[in-house]
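See below for the structure under consideration.
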Amino acid sequence: MSNSQEDDKNPIDQEQEAHVILKVKSQDGDEVLFKIKKSTPLRKLMYAYCDRRGLKLDAFAFMLDGARIRGTQTPDELDMEDGDEIDACRAMSGGLRADQRQWSYMVFDHNRL
């Protein structure tokens, strides 16, 4: 009887270890729970959240402990556990993109100087 530790575990326990339940909280206090595999890229959670809210993905920045989450990262990479909270913040708009230029002109009335 040479069973390894993995064989001793109940299949239900193995399934629960492979998943994590995450909470996505918006700035207005709305919370949505997601159960995903620890190896799933977080972009799937981000798309699902925006789809439920009827908004575009680029309208939000997803943050974990003050750091922005990239869509390619997984819960396993970020050492996430059940109940961890992701903040969905409205992405700030404004300023200039790298391909834009802003020129300001000042008009002087030389007669008044």
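The values are calculated or read from the model by the stated rules, or taken from the named source; none is laboratory data. Computed from a prediction, not measured in an experiment: that's the story for all the values here. For neighbour counting, all protein chains shown are included, and Cβ atoms are generated from backbone atoms with ideal geometry for every residue, glycine included.
Of everything in the range 44-67 that's part of a helix (DSSP H, G or I) and in contact with a helix residue (DSSP H, G or I) (Cβ under 8 Å, 6 or more places away or on another chain), which residue is surrounded by the most Cβ atoms within 10 Å (Cβ to Cβ)? Per the stated criteria, the residue is M46. Residue-level analysis places T40 outside the set of residues that are modelled with pLDDT of 85 or more, outside any helix (DSSP H, G or I) and in contact with a helix residue (DSSP H, G or I) (Cβ under 9 Å, 6 or more places away or on another chain).
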